[in-house]
Amino acid sequence: MDMTGRRALVVGASSGIGAAITEAFAGAGARVVAAGRRSDRLDEVTARAAGPARAVTPMLLDVADEASARSGVAAAAEILGGLDVVVNNAGVMLSATVQDSDPAEWERMVRTNLLGTLHVSHAALPHLVASRGTLVQTSSTSGRVSSAGSGVYAATKHGVNAFSEALRQEVAPQGVRVVMVEPGMVDTELSEHLSDPAMRALAARMAGEIRVLDPYDVAETVLFAVTRPPHVSLNEILVRPTEQVR
Ligand code: NDP
């Protein structure tokens with residue numbers, strides 16, 4: 001799984017799945033711009049990543065801010081001299097039942113998970129068309145199945161899938177691959193941001209009942225997808241822990 005000479009932007013690279021993808025890409029020989037809002041965590045990821053000297057460049061970017069998302073993509077293309085792979089991985093999960101929800105949290109999820117993905121994808125497209133590149137969208141099992149307590153999160157991930165399938169049809173003739181990755185439960189910081197104590201307790205209990213995925217399990221899957229020959233497009237990858245039922 002060789003990425004020598006490939007130029008990649010990973011958005012949402014400061015922890016969890018995105019950090020693991022950054023390390024996997026750099027380890028496979030890619031040059032990577034690792035983007036997110038927390039500079040200390042991006043510096044840690046940059047220091048950990050193996051690969052060619054200065055393989056990873058940290059970059060501050062907030063996908064919930066359209067201007068920041070778009071200028072970040074432009075800056076990454078400038079730094080790398082183009083883009084072969086772009087990973088839309090930034091996301092927040094602020095689940096609660098609809099009745100108990102704070103609409104401000106809905107807005108944050110829509111701005112980050114859905115609109116952020118749209119703006120980064122749109123800004124990246126000219127670069128990906130030029131390189132006949134690959135766009136990876138981190139969706140979720142919640143992009144396929146909606147569950148009580150995660151309606152708005154699931155709505156954002158269903159939205160990512162709907163957008164990505166339409167985009168795939170539009171850019172396939174130009175040689176651009178669109179890959180949706182739909183992980184089940186992964187051991188990351190995602191549930192630490194839940195403001196509802198009952199949902200936090202539920203997430204911890206569910207994660208404690210089974211052997212959940214490690215971020216590197218997902219990163220390896222993404223690395224596999226982006227290193228297939230150009231005529232092979234893995235459009236949709238659902239990757240659950242073996243013991244996860246739904
Ligand atoms: P983490 O909380 O560890 O990672 C989330 C990443 O998103 C961080 O790098 C964070 O960086 C970034 N991010 C959040 N908001 C913004 C923003 N406004 N602008 C830029 N970056 C942002 O959780 P995961 O690794 O689990 O999450 C990664 C993706 O995987 C998400 O899209 C999530 O929905 C998805 N997912 C996770 C699953 C799981 O079980 N963990 C299951 C299915 C899907 P920073 O805070 O520095 O900005």
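The values are calculated or read from the model by the stated rules, or taken from the named source; none is laboratory data. A quick note: this is a predicted structure, and the numbers were derived from the prediction, not measured. So basically every Cβ, Gly included, is an ideal-geometry build from the backbone, and we count neighbours across all protein chains shown. For the accessible areas, the whole protein counts, side chains as well, though only heavy atoms, and no ligand, DNA or RNA atoms are used. Shrake-Rupley method; radii C 1.70, N 1.55, O 1.52, S 1.80 Å.
Give the angle, between 0 and 90 degrees and rounded to the nearest 10, that separates the Cα long axis of helix 215-226 from the longest principal axis of the Cα atoms of the chain.
40
Helix 39-48 versus the longest principal axis of the chain: what is the Cα-based angle in degrees, 0 to 90, to the nearest 10?
60
Under the Karplus relation 6.51 cos²θ - 1.76 cosθ + 1.60, θ = phi - 60°, what is the ordered set of whole-Hz ³J(HN,Hα) values for segment 229-235, x standing for Gly and Pro?
These are the phi-based 3J(HN,Hα) values: x, x, 7, 10, 10, 7, 6 Hz.
Which whole-Hz ³J(HN,Hα) couplings does segment 122-128 yield from phi under the Karplus relation 6.51 cos²θ - 1.76 cosθ + 1.60, θ = phi - 60°, glycine and proline marked x?
4, 5, 7, 4, x, 6, 6
List the residues whose amide H sits under 5 Å from the amide H of Leu238, counting only those 5 or more places along or on another chain, with H placed 1.01 Å from N in the peptide plane.
Amide H neighbours of Leu238, under 5 Å, 5+ apart: Glu182.
Angle between the Cα long axis of helix 66-80 and the longest principal axis of the chain, 0 to 90 degrees, nearest 10?
40
Hey, what did the chain get for relative contact order, percent, Cα under 8 Å, at least 6 apart?
On the way: 513 pairs, mean separation 48.7, N = 246.
Once normalised by length, the contact order is 20 percent.
Quick one: how many Å² of Asp196 are accessible to a 1.4 Å probe, rounded to 10?
40
To one decimal place, what orientation-averaged projected area in nm² is obtained for the convex hull of the Cα set of the chain?
On the way: hull surface 48.4 nm².
If I average the Cα hull's projected area over directions, I get 12.1 nm².
Order 203-212, 219-228, 66-75 from most to least packed using the mean count of other Cβ atoms within 10 Å. Before the final figure, lay out each step's value.
Details: 203-212: 13.5, 219-228: 19.7, 66-75: 18.1.
Per-residue Cβ counts within 10 Å, averaged per peptide and sorted highest first, yield 219-228, 66-75, 203-212.
Between Glu170 and Asn235, what is the label-to-label distance in nm when each label sits 7 Å out along the Cα-to-Cβ direction?
1.6
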